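Have a look at the structure below, then the notes.
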Amino acid sequence: MQQCIIKIIPLFYFCFQVLLAQPSQNFGIVIHGGAGYATPESMKGVETEYLKVMQTAIDTGYAILEKGGSAVNAVEAAIKIMEDSPLFNAGKGSVFTNIGTIEMDASIMDGSGLKAGAVANIRRIKNPISAAKMVMDKTPHVLIIGKGAENLWVAQGNNLTDTSYFYDKERFEQWQKSKQSEKDKINSKKHGTVGAAALDKNGNLAAGTSTGGMMNKMPGRVGDSPIIGAGTYANNQTCAVSCTGHGEFFIKHAVAYNINALMMYKNLSLETAATQVIQKELKEVGGTGGIIAIDKTGNISMEFNTPSMFRGYKLSNGKNEVLIFKK
Ligand code: ASP
């Protein structure tokens with residue numbers, strides 16, 4: 001009997017170790033296409049198109065995760081789909097500055113080892129999120145702006161895209177209209193930034209954000225989207241967050257890092273942390289917008305304080321939703 005027990009103990013120990021080494025079973029992706037002021041009336045006739053692009057972005061990212069791919073690659077792939085669509089304020093559909101230029105920002109963060117990359121004020125890179133990933137993967141820096149980022153893009157063997165590619169007729173008309181009605185004020189109501197956050201089968205978290213910024217912004221203005229800790233943050237110990245909204249508020253309240261910090265230091269759940277930052281801290285000072293996030297166990301949050309937020313998710317538990325308005 002005693003001998004039998006002695007033999008069984010190492011077996012138990014071995015099984016325990018195997019269980020510990022198992023990669024996380026839960027995985028999934030959550031995305032946004034901007035928080036704002038869309039209503040069922042204003043979306044009549046175009047709603048299906050928005051939902052379709054968001055579902056494609058989700059499916060593309062999810063397929064990567066399902067095959068065992070990394071959260072970072074899933075985030076990049078999902079964001080590229082939305083950057084290539086003129087419907088969202090990123091890449092192809094970016095908004096205009098108050099002098100009619102298009103200046104894009106993006107960032108990405110890998111929660112394993114806190115690796116991060118970002119670009120700001122770029123004008124000739126088709127997919128800004130890939131340029132942000134290039135900064136993360138190929139340089140010792142976190143944020144590279146303007147010509148420096150574009151030169152690096154070329155040096156890495158990529159092509160520049162003519163600025164005319166980013167011109168979208170509808171966006172231009174929107175800009176003209178907003179210029180007349182708002183007399184050159186930045187338009188804090190025209191959001192549409194895109195972002196994604198993912199958890200992969202190995203338990204790695206990643207988040208990314210890409211934007212044309214805010215319509216009628218001053219040339220050279222940079223918002224929260226390329227600022228690590230403000231618009232994007234990922235830490236394998238807590239969560240991955242991507243933000244959208246009035247960037248100046250998101251910078252001042254370090255929104256993405258703030259949510260991570262509340263989880264890390266106060267032990268709050270993702271949902272409680274996100275609600276506190278978006279519905280209390282930001283709301284009290286008039287900061288409009290929202291976040292999407294996923295935590296290390298696969299819980300998600302899609303919290304916003306505007307009437308709408310384009311958003312959706314797909315999780316390994318089979319749940320999949322794409323939404324625009326409040327539930
Ligand atoms: N946060 C972005 C910015 O301030 C805009 C947005 O999310 O709509 O540049």
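The values are calculated or read from the model by the stated rules, or taken from the named source; none is laboratory data. All values reported here derive from a predicted model rather than from experimental measurement. Note that each Cβ is placed from the backbone with ideal geometry, even for glycine, and that neighbours are counted across all protein chains shown.
Remarks
- The listed residue being within 21 Å of Met214 (Cα to Cα) and out of contact with any strand residue (DSSP E or B) (no Cβ under 7 Å at 6 or more places or on another chain), out of Leu160, Leu87: Leu87
- Residue within the range 90-104 that is within 13 Å of the chain's Cα centre (by Cα), assigned to a loop (DSSP other than H, G, I, E, B) and either crowded, with 24+ Cβ neighbours inside 10 Å or of a type in the set (A, V, I, L, M) (or both) present: yes
- Search result, residues across the range 41-56 that are more than 16 Å from the ligand (Cβ to nearest atom) and in contact with a helix residue (DSSP H, G or I) (Cβ under 8 Å, 6 or more places away or on another chain): Met43, Val53, Thr56
- Odd one out for Ala254 among (1) out of contact with any strand residue (DSSP E or B) (no Cβ under 6 Å at 6 or more places or on another chain); (2) crowded, with 24+ Cβ neighbours inside 10 Å: (2)
- The numbered conditions (1) modelled with pLDDT of 95 or more; (2) polar (S, T, N, Q); (3) surrounded by 15 or more Cβ atoms within 10 Å (Cβ to Cβ) are all true for Asn159 except (3).
- Residue, nearest to Thr139 (Cα to Cα), within the range 65-89, restricted to residues that are within 13 Å of the chain's Cα centre (by Cα) and among the acidic types (Asp, Glu): Glu76
- The combined condition, being surrounded by fewer than 24 Cβ atoms within 10 Å (Cβ to Cβ) and either in contact with a helix residue (DSSP H, G or I) (Cβ under 9 Å, 6 or more places away or on another chain) or not in a loop (DSSP other than H, G, I, E, B) (or both), is not fulfilled by Gly68.
- Residue within the range 240-247 that is surrounded by fewer than 23 Cβ atoms within 10 Å (Cβ to Cβ) and either at pLDDT 95 or above or within 17 Å of the chain's Cα centre (by Cα) (or both) present: yes
- Restricting the search to strands (runs of 3 or more DSSP E) fully inside the range 162-280 and requiring at least 3 residues that are within 14 Å of the ligand (Cβ to nearest atom) and in contact (Cβ under 8 Å) with a residue 60 or more places away in the chain gives 194-199, 205-211, 239-245.
- Scope the range 281-290; condition without any contact (Cβ under 8 Å) to a residue 60 or more places away in the chain and on the phi < 0 side of the Ramachandran plot; matching residues: Glu281, Leu282, Lys283, Glu284, Val285, Gly287
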